[in-house]
Each structure stands twice: as C-alpha cells, then as structure tokens.
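Undergrad: Got a structure for you, written out below as structure tokens; questions coming shortly.
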Amino acid sequence: MKKLLALSGFFATLLFASSCKEEFDYVYYTPEDYSLISQHLNLPELPPKYTAQLPMHLSGTGLFAPEISTEEATLGRVLFYDKNLSSDKTINCASCHKQELGFADNKAVSPGVESRAGQRNAIALSSVANFAAYYGTDLNGSGAIPFFWDNRANTASQQNLETMANPVEMNMKPHEIKAAVEAQAYYKPLFKKAFGNEEITAQRISQALASFVNAMGSYQSRFDAAANAAFNNNQFGIDYHQQFLNLSTLENRGKALYMANCASCHSQNFGRPMKVYSNNGLDETTVDQGVGGITGFASQKGVFKVPTLRNIALTAPYMHDGRFKTLSEVIDHYSTGIKFHPNLGEELRQGNQPIKMQFSSEDKEALLAFFNTLTDDVFLQDERFSDPHK
C-alpha cells in the first residue's frame, strides 16, 4: 500500500513538473519574430482571446457569438490601424471609426484619401452587441444583417474590400493592398500565425480584417448590467418593459418611452434590430436612394439600415448623412419633425400622415438619461481593439 502511494505521489509530481515545464517553455512567437514585431507594434507575447461572451439577458434569447480566430483577429487589429492600406498613406479604417467615439467619427461625412468627401456618415461599429452574432451571411446564413447604410455587403470581408477599393475612401486595388502589406516585414510572423504560412494575399488581408470586426461588440453597459440583474431574478426570461432596479427613476422613465416608441424598430434588448431597413421621415423626397439605389425597387427607395443604439450618446452626428449634431436634435425630429415619405416606415405613419411623438421636455430629459445607460466604457477602452502601432 505504501509502495502504491509512493508511486502515485511520484507520478503526480512528474505530471506537475511536466505541465509547469510546458507552461514555462511555451512561446507563442519565436524570440526572433517577437523582437521584429516589438520594434513596430505593441502586441502582447500571448494574444488575448477575441470570441465574445454575451451577457445572459442576450444569450438567454438565443443570441450567441461564434468563435473568432485569435490569430486572425490579432492580425486584423494591426491592419485596421495601418495607414499604408490607403493610396496616400493617410487613411486607415480607424480614421472613420475611432474607438474613443464608439468606433464612429465626429464628422458628418469622413474625408478619405486626398481629403476626398464621401456621401454618408460613418456607421458606429459599437452600435452592435456583437457583429459575429448576427451580421454576415458567412456566419449567420440568409437571415443575417448586411453591412453599409444601404445593406449592399453580405459579409464583413465584402465590406472591407469595397471600402479599401473605394476611390474616395482608401483608393486601393487588391494588388496594391498586397504590396503595401508585403513591404512591412513584421507582417510575416503575423500571417504565419493566422494562416499557417507567411503568404500574403488580398483575400487573407480581408479575412483577417473581417475577423477583427466580427469580434467587435458592446455588451457591458449599465443597461446590460441592469438587464442581467432582472434576468437573474427571473430564470424564465425578462420583460424589458419592467422597472430595472439598477436604473434611476428618470432612466426607467426614458426606458419606458423608448420601449413604447422606438423598440419596434431598434429592439428591446439592443441585440439584433427588429427591422433591417426603414425610412424615418427625414425628408419628403430623397436624393440618396439608400437600399433602393442598390436593388432598384421603388418600395426601397429612400430607406436605410436600422441600427441598434448602443453607445448612441457618443456617436454624433446622427443619421446616414450626419445631419443632426446632437442626440437632442434626433429626439426633436421624432417628436415633431417626421415628414411623410412614400416609403415612410409603417410604425411612423397613419395612412398618409406621419405620426409625431410629441415628447414633453421631461420626456426628452428622460430619453437622454436612458440613452446614456447604453454607453459601454469597457469596450471603448478595451486594449484588444486599440491601435497597436508604435
């Protein structure tokens, strides 16, 4: 018996020592590769995971985040902030999607290469709970939410290739993108980790950028904490109309107004939006045809993507053309400014007349208070999504 115990102890010690040795000896990058990377980039020796862990109040509804490749997302992070991917080396993805602004821009329309003006406001990437959870047909099938204000791109890869090629944004052809990345020696070990070898192609560049964007998501706001607390008190799910104990009286009043007037398009839990596109009565006629400009359908002319409103307090100016400078102006529009349009959303019309919500000054104050609960400071300061370039 003593001999068996001694042998057991010996093997346990051996296993422990072996596991410690493996942990101690394990390196993610070779010393040579990490030395090269560290000359140019602030990347940790062991990259963090990028797969999102959605809160229970969202996952309890069936929303889940598929696994994201850590290696591809790490490479995508470097590419997202690389100005070499634009023709005049002045623009990167983050030029229009700034982390401190909820991955939006504070300009109505962001300038591209050589200060060329685009047509639409940069969409806030922090407005979603998680891109991989419901954006992109490659991850979520035919029912997925598409990209761009006019919903013309079906995947994150298609979206970034179009953006890099757009002559008023980054103005780069695929072979130019490939050459720009090949010119930076530190990309080779990153590509080897992501794809198994050092070969650099435009498609791999696009795939890595897509993995980085697909990993993005905002789900750690005060609203999420309050919703989770309510969910934990009711294992069968929650009614988002109820008073949340973790929100103030004013914030709960704003939430009630939102649920009554806005949630039918933008969603109750700020997960997946309820509508893919709509017209919200900005104008009686529209020069920018939106989704209809892509499909050619008369019923879709003047309609645009319906986003969720996470981090909305940080992402001014608002609307597809950035016409509203403040969130108060947006609330005023829905209160008294909705105009009739042939394709005005059914939630905003009664026959041929627009429905105006007639918010009181107290209502507006409450709505603003509630919208501030959607700010996710954790995501806005998450180093995994910050600029790694020195």
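The values are calculated or read from the model by the stated rules, or taken from the named source; none is laboratory data. Computed from a predicted model, the values in this text were never measured in an experiment. Neighbour counts run over all protein chains shown; Cβ positions are idealised from the backbone, glycine included.
Undergrad: Among the residues of segment 77-118, what is the count of those that are modelled with pLDDT under 95 and under 17 Å from Glu162 (Cβ atoms)?
TA: Number of matching residues: 1.
Undergrad: Still on this model: Quickly run through segment 248-274 and pick out the residues that are in a loop (DSSP other than H, G, I, E, B) and under 19 Å from Phe340 (Cα atoms).
TA: Matches in segment 248-274: Cys262 only.
Undergrad: Quick check, is Ala208 farther than 17 Å from Arg77 by Cα, at pLDDT 95 or above and under 26 Å from the mean Cα position of the chain (by Cα)?
TA: No, not satisfied.
Undergrad: Within segment 292-304, can one find any residue that is buried (at least 20 other Cβ atoms within 10 Å of the Cβ) and charged (D, E, K, R)?
TA: yes
Undergrad: Is it the case that segment 125-134 has a residue that's at pLDDT 95 or above, more than 13 Å from Val213 (Cα to Cα), among the aromatic types (Phe, Trp, Tyr) and in the same structural domain as Ile68 (by TED's automatic domain parsing)?
TA: For segment 125-134, residues at pLDDT 95 or above, more than 13 Å from Val213 (Cα to Cα), among the aromatic types (Phe, Trp, Tyr) and in the same structural domain as Ile68 (by TED's automatic domain parsing): absent.
Undergrad: Restricting attention to segment 77-120, which residues are among the β-branched types (Val, Ile, Thr), under 23 Å from His320 (Cβ atoms) and surrounded by fewer than 23 Cβ atoms within 10 Å (Cβ to Cβ)?
TA: Val109, Val113
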